[in-house]
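The values are calculated or read from the model by the stated rules, or taken from the named source; none is laboratory data. Please read all numbers here as calculations on a predicted model, not as lab measurements. Backbone-built Cβ (ideal geometry, glycine too); neighbour counts: all protein chains shown. We work out accessible area using only protein heavy atoms, side chains counted, and drop any ligands, DNA or RNA first. Shrake-Rupley method; radii C 1.70, N 1.55, O 1.52, S 1.80 Å.
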Amino acid sequence: MSWRNWSVFGCATRIVCASALWTISNATALATTSVAPARVVALSGQRPGGLTPLTGFTRFDARPVIDGAGRVAFLAAAGDAFELTGAWAESASGVRAIAQAGDAAAPGGVRFAEFADLVMSDAGAIGFKALLAGATVNVETAESIWIERAGQMSLVARGGAEAPDPTKARRFLRFESPPALNGDGQLAFFARTRDKELEVVQDSGFYWFDGVQVGAIAAAGSSAIPGSEDVVFSAQSFEAPFADDPVVNSTGTTIFRGFIEGPGVGDSNLNGLWRYRQSDGLQLLLRGGDAALGVPGATFISFPAIPTINDAGESAFLAFYRLTDDPAQAAAGALVSNDAAIRLGLWLRRSSGELEAVFKLGDDAPGIAGDARFIDVFDPVLNGAGRVAIVAAVAGDAVTPSSEVGLWSSGLSEDGGIELVARQGDAAPGGRGTVFGVFLEPSLNAHGQTAFVATGYDPAIEPGLSQSVGIWGEDRTGTLRLVVESGQLLEVAPGDFRQVAGVAFASETGGQDGKSRGFNDAGQLAFHATFIDGSSGIFVSNLLAVPEPQLWPLLISAAICWRRPRVAAENARSFA
């Protein structure tokens, strides 16, 4: 599960998004169809060269990752172990082991034991976290972060090792969040730390690996505002749930939100956004109390979600802001907040520093006829072209509990504005009778294609009850296609069709933020599927790829498609 926290003044209200594998037990209530052909990367029971247990793979992590050339990496369990005991990646000669439980990790009999949070750059660099085991390993020294480039593996950080810090001597203790990784092998990661003597007091910080050594970006107690040495970062800036998804782009730039304390800091200015790159150091970008440019008469209060970034240095972020006391503005805000003067919006910060308000809660929801307006929004994703995709909720006279959530994207729009991609209660493409239910946060590639996981149901059976889960995505023309859905038959070998029980892929990224990615710029989508017979596997679909990639050729069967509405609301489908 991934926690999302929302706070006007730093007090978290948690919203839970299920990002793990979805399995729907009564998926067979819907029509049974076949999945468009997908390339098999790995199947349970297979034993590739180098796999130690003779029984082969037994299960897989639900988030395989894919690089720009269509090569896939994944975590898997083997033998009798339930834990993920190996990291694997595709190569020209087939699937190869990156590291397995029992492999030597460090001198003195230190070995790998378990793996987590795999990430791969567009160029094929791989990062992951690992638990270590051995006679000299204890709870303080078991956690570690690693990187592999061109077949060479290096230790980035380990519990018990010295943590560079601008304030005092510390040692790493735990790594709670996934690392972010770019193509040059540079990583950004959050860490819990302790005093160098491993005393009881714990702290935390944000750290940077430049390919050779680790450096500190910021830490609890370090200076946050240039010229105000007594204003420092608080520990919650770098600890879950406030700091669970670091980002880094191809230039080594990262952006993060932080909380501060010290003279002059109060509820209205304790939260801000910072940028770091080695050439410039740490820079404050925005802070509570700053003008919310793009919204006349408004000032920022706080930033409730983790910001994202692309290679151009642009960032997208959510922000609470305060309006003036104008009565008309207060009336408009009443829909979205108990305090009519406080609202939430989505901004883009261009590389020039210019701010652009994308939308605000209370704005009309594009693609929906009538008076539907936005009332809630989840974390945005941002692609290399500065386009965004979001999951949001709406309210209005014609909106019902079964049609209040949708997915919008500006990825393929002609004017850069957000357009409706899919909506709760809408008939899903694929010909199975599915109606969209719950959406997970999407992925967006450089060409503006959106892909996402959603649950589905048959309204004739029991409205609103999730009966399936699937992956849908846009091709280059904006046509929404079904990639795979539970209940379908997937051919895993010639003549071997298995019924899908659950699916998942690594989403919630725009592809240039260093996060785990299952949908690349070529339109290839790597996904995990489980089957009703208990088996599982890792697969790649080229259904959304145009033109078809040459590295992994695949026959694409005809699909029943739904054309996404791209013009005025009156031409959109009816959602009432």
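Of all residues in segment 207-224, those that are within 14 Å of W274 (Cβ to Cβ) and open to solvent by 20 Å² or more (accessible area, probe 1.4 Å) total 2.
How many residues are more than 20 Å from the chain's Cα centre (by Cα), part of a loop (DSSP other than H, G, I, E, B) and of a type outside the set (D, E, K, R) if we restrict to segment 364-411?
So the count comes out to 14.
Do you know which of the residues in segment 337-349 that are under 23 Å from G272 (Cβ atoms) and at pLDDT below 70 is most open to solvent (accessible area, probe 1.4 Å)? Per the stated criteria, the residue is D339. On the stretch given as segment 476-507, residues that are in contact with a Phe, Trp or Tyr (Cβ under 9 Å, 6 or more places away or on another chain), farther than 16 Å from F539 by Cα and open to solvent by 10 Å² or more (accessible area, probe 1.4 Å) total 2.
Which one of these is open to solvent by less than 30 Å² (accessible area, probe 1.4 Å), under 30 Å from I126 (Cβ atoms), modelled with pLDDT under 95 and touching a Pro at 6+ places or on another chain (Cβ under 8 Å): S204, S177, S237? Break it down into steps so the answer makes sense when it comes.
Numbers: S204 fails: touching a Pro at 6+ places or on another chain (Cβ under 8 Å); S237 fails: touching a Pro at 6+ places or on another chain (Cβ under 8 Å).
Going through S204, S177, S237 in turn, just one is open to solvent by less than 30 Å² (accessible area, probe 1.4 Å), under 30 Å from I126 (Cβ atoms), modelled with pLDDT under 95 and touching a Pro at 6+ places or on another chain (Cβ under 8 Å): S177.
A Cβ distance below 8 Å, combined with a sequence gap of six or more or placement on separate chains, defines the contacts here; from segment 256-285, residues that are within 19 Å of S204 (Cα to Cα) and open to solvent by 30 Å² or more (accessible area, probe 1.4 Å) reach residues that are of a type in the set (A, V, I, L, M) and in a loop (DSSP other than H, G, I, E, B) in the pairs E261/L270.
Filter segment 79-113 for residues that are open to solvent by 10 Å² or more (accessible area, probe 1.4 Å), part of a strand (DSSP E or B) and not hydroxyl-bearing (S, T, Y) and give the result. Break it down stepwise before answering.
Restricting attention to segment 79-113, the residues satisfying the condition of being open to solvent by 10 Å² or more (accessible area, probe 1.4 Å) are 79-85, 90-98, 100-109, 111, 113.
In the following step, the residues that additionally are part of a strand (DSSP E or B) were identified as 90-91, 94-98, 100, 104-106, 111, 113.
Matches in segment 79-113: E90, G94, V95, R96, A97, I98, Q100, A104, A105, A106, R111, A113.
Give the residue that is least open to solvent (accessible area, probe 1.4 Å), with candidates limited to residues of segment 296-315 that are hydroxyl-bearing (S, T, Y) and over 19 Å from L181 (Cβ atoms).
Here is the first cut: in segment 296-315, the residues hydroxyl-bearing (S, T, Y) are 299, 302, 308, 315.
Filter once more, keeping what is over 19 Å from L181 (Cβ atoms): 299, 302.
On the way: T299: 54, S302: 3 Å².
Ranking the qualifying residues of segment 296-315, first place goes to S302.
Please go through segment 146-185 and pick out each residue that is among the hydrophobic types (A, V, I, L, M, F, W, C) and in contact (Cβ under 8 Å) with a residue 60 or more places away in the chain.
First, the residues of segment 146-185 that are among the hydrophobic types (A, V, I, L, M, F, W, C): 146-147, 150, 153, 155-157, 161, 163, 169, 172-173, 175, 180-181.
If the condition is that a residue be among the hydrophobic types (A, V, I, L, M, F, W, C) and in contact (Cβ under 8 Å) with a residue 60 or more places away in the chain, then I147, A180, L181 are the ones that fit.
Please count how many residues of segment 119-131 are open to solvent by 10 Å² or more (accessible area, probe 1.4 Å), part of a strand (DSSP E or B) and hydrophobic (A, V, I, L, M, F, W, C). Can you show your working first?
Initially, segment 119-131 is screened for residues open to solvent by 10 Å² or more (accessible area, probe 1.4 Å), giving 120, 122-124, 129, 131.
Filter once more, keeping what is part of a strand (DSSP E or B): 120, 129, 131.
Now drop any that are not hydrophobic (A, V, I, L, M, F, W, C), which leaves 120, 131.
Residues in segment 119-131 being open to solvent by 10 Å² or more (accessible area, probe 1.4 Å), part of a strand (DSSP E or B) and hydrophobic (A, V, I, L, M, F, W, C): 2 in total.
Being touching an Asp or Glu at 6+ places or on another chain (Cβ under 9 Å) and either of a type in the set (D, E, K, R) or open to solvent by less than 30 Å² (accessible area, probe 1.4 Å) (or both) narrows it down to one of L323, L293, L318, so name that one. Give the steps one after another, and end with the answer.
On the way: L323 fails: touching an Asp or Glu at 6+ places or on another chain (Cβ under 9 Å); L293 fails: either of a type in the set (D, E, K, R) or open to solvent by less than 30 Å² (accessible area, probe 1.4 Å) (or both).
Criteria check complete, one pass: L318.
Here N138 clears all of (1) closer than 25 Å to R192 by Cβ; (2) crowded, with 19+ Cβ neighbours inside 10 Å except the condition numbered (2). Of the residues making up segment 204-224, those that are over 16 Å from K168 (Cβ atoms) and either more than 29 Å from the chain's Cα centre (by Cα) or not in a strand (DSSP E or B) (or both) are D210, G211, V212, Q213.
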